[in-house]
Amino acid sequence: MDSSIIILVIGAVFLGSLMRSTFGFGDSVVSMPLLALLPIPFSTTVSLVALVGCTVAIISIFSGWKNLDRTILLKLSVSTIFGIPFGLLLVNYAEKKWISLILGILLVSYSVYSVLGSKRRQLTIQTEFTNTNYGLPFGFSAGMLGSAYNMNGIPIVLYGTMSNWSPSKFKDTLQAHFLLSSLLIVISHFLSGFWTRELGVYFVLSLPAVLLAIFTGNYLYTRIKTEKFKKIVLLSIFLLGVFTLIDFF
């Protein structure tokens, strides 16, 4: 196994884990495109990102359990379970580029609207989203996109911003949901035959970088004020949309 490839894999995993530890999301959108540039199978890339994401969630959840909204988490998790089988079908019957196009347009449109749109309308949306049943379609989409492309974070991030969650609730509820959904996605990858010796080597060698990213990300998170955190999240959503559109073209 080429040592230079291993170093590049570890670097991609570190950057994704740092994004996830700091803001609660974004690891797959950072890591997946970087790993896709390397000569490793797509199934290995998907499985590695899922395993790393699950690891980050397991470690992070211990420090943030008290900030969870358990009602929302339950509804998101149950609907995610129902979405996972549809994601496996999506891999076989839908081209990824068209999914990227739809997601990219959605993310860019939402982030621009959140900055330039009517404050009254945004408050109306936030009020409507106090009804936790709005989380059901977002959870379903997370399960579907997660099992197909490791994009389970995008729907939950949109739901959290539309609901105007506080930074602590946003980060910790996302991590708890990702833990549950990632475990199911990891199992689905294992049953689909995605696990290989190569995957095990990449994962084990990446663990020190993942731990460093978690420590660094948690430190950065404590240094960011609430309003700045929300602005960074919106900027991240916009950039996620742009990168997703780039993936289409």
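The numbers here are math on the coordinates, done by the rules we state, and not lab data. Values in this document were obtained by computation on a predicted structure and should not be read as measured data. Please note: Cβ atoms are built from the backbone with ideal geometry, for glycine as well, and neighbour counts cover all protein chains shown.
In the chain, the DSSP-assigned H stretches of four residues or longer account for a calculated mean residue ellipticity at 222 nm of -28500 deg cm²/dmol, using -39500 (n - 2.57) per stretch and the full residue count as denominator. Normalised by 2.2 N^0.38 Å, where N is the number of residues, the alpha-carbon radius of gyration of the range 3-248 equals 0.95. Membrane-span-like helices of the chain, defined as complete DSSP H segments with a Cα extent of 15 Å or more along the helix axis and a mean Kyte hydropathy of at least 1.6, are identified as 3-23, 42-64. Of the residues Asn164, Asn152, Asn131, the one that moves most in a GNM of the chain with alpha-carbon contacts below 10 Å is Asn131.
If you build a Gaussian network model of the chain, linking Cα atoms that sit under 10 Å apart, which residue out of Val78, Val29, Val49 swings the most? The residue that fluctuates most here is Val78. Place a point 7 Å from the Cα of Tyr221 along the Cα-to-Cβ direction; which residues of the range 147-183 have their backbone N under 11 Å from it? 167-176, by backbone N distance to the label point. If R0 is 41 Å, the Cβ-Cβ spacing of Ser168 and Leu116 corresponds to a FRET efficiency of close to 0.90.
Computed from the C-beta positions of Lys231 and Trp98, the FRET efficiency with R₀ = 25 Å rounds to 0.20. The mean sequence distance of close C-alpha pairs (under 8 Å, at least 6 residues apart), as a share of the length of the range 3-248, puts its relative contact order at 39 percent.
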